[in-house]
1. Would you please classify the overall shape of the stretch 38-115 from the alpha carbon gyration tensor, given that a ≥ b ≥ c denote the square roots of the eigenvalues, rounded means a/c under 1.5, and beyond that prolate means a/b larger than b/c while oblate covers the rest?
2. Arrange VAL276, VAL153 by Cβ neighbour counts within 10 Å, fewest through most, would you?
3. Neighbouring Cβ atoms within 10 Å as the yardstick, rank VAL210, VAL131 fewest first.
4. Quick one: what Rg and Dmax do you get for the stretch 153-254 from the alpha carbons, in Å?
5. Fewest to most neighbouring Cβ within 10 Å: what's the order for THR186, THR178?
Amino acid sequence: MTAPDNRKAWADFWAANASGGASCVPDGLKEIDAAQRAAWQGFARTLDKGARVLDLATGDGAALKKMREARADLRLTGVDSSAALPPPPRGIALRAGVPMEALPFEACSFDAVISQFGYEYGDTAAIAAEVGRLLRPGGRLALLIHRRDGPIVAHNLPRRDALRWALSPGGSMARARTFLAARRITPIPTPAAFRSAPQEVQRLFPGQSVGAEFLQAILETLERGRGRPVEESFEVLDTLEQKAGNEIARIETLERAACDAARIDTICAELRDARVDVGPPGIVAEGSSGRAFAWLVSGTGRG
């Protein structure tokens, strides 16, 4: 399989979630979404009337949408390097194909710059220079950044491992291709091993469903392909493998981007060098458990 391009992986992710609402946050961690909403709505209430806000690596504009729920007067723009994004939420402008390191806006053109789980994915020194350039004097900065030891990373790594297991040289995908090659010769039924594979991956990687769903899709491909041209089944497997590879690439970028304390200190130093006054980083945590899932970097532009 060709190694996925990380930007294409994210473009495919947003294309597959064209209605919005997609996230790397698991459904079982809804308190994370509530904490994010509280953070962004609290930040929105501190801004001047009609403030111009830029969201870096905006994705589907989720952070801006939360801000707009609190302040409909804000002028909200989101940019993302992905070539394709979902339709923007009402009252929000989204621009695809815009890298954080080279932003197409004039100096001092924003009253606030924000990012939710996006800033850390790029060249943070180059992005800091752009933030310092774009913030007006006294303009506000707020960044939510993945914690390396947080529950979001902990949830996603088993998903990656389950898909890697399925795509390994001796895994279900390779065995499915070998079986289909034999089906070219004779229309043999699907072996029982493919029926038990979803349960096996759940046993090996508990607490997530993507591995079982992927193996179930392989099984259904083999079952529906009986009596049909084998090449049709190969095409479906190619699509499944590409999607799984893109998901693995997306999670790998998350793992690399997530920050420990040392990297957060570096990010803060880069911003200070770029004429953004940044204080000590804070944390954002789930309400009931108190588990910290994000760093909060706040600052003010010097212009």
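1. oblate
2. Fewest-to-most ranking of VAL276, VAL153: VAL153, VAL276.
3. Ascending number of Cβ neighbours within 10 Å: VAL210, VAL131.
4. 13.8, 45
5. THR186, THR178
Computed from the coordinates by the stated procedures, all read-outs in this text should not be read as laboratory data. All values reported here derive from a predicted model rather than from experimental measurement. FYI the Cβ positions are ideal-geometry reconstructions off the backbone, even for glycines, and counts take in every protein chain you see.
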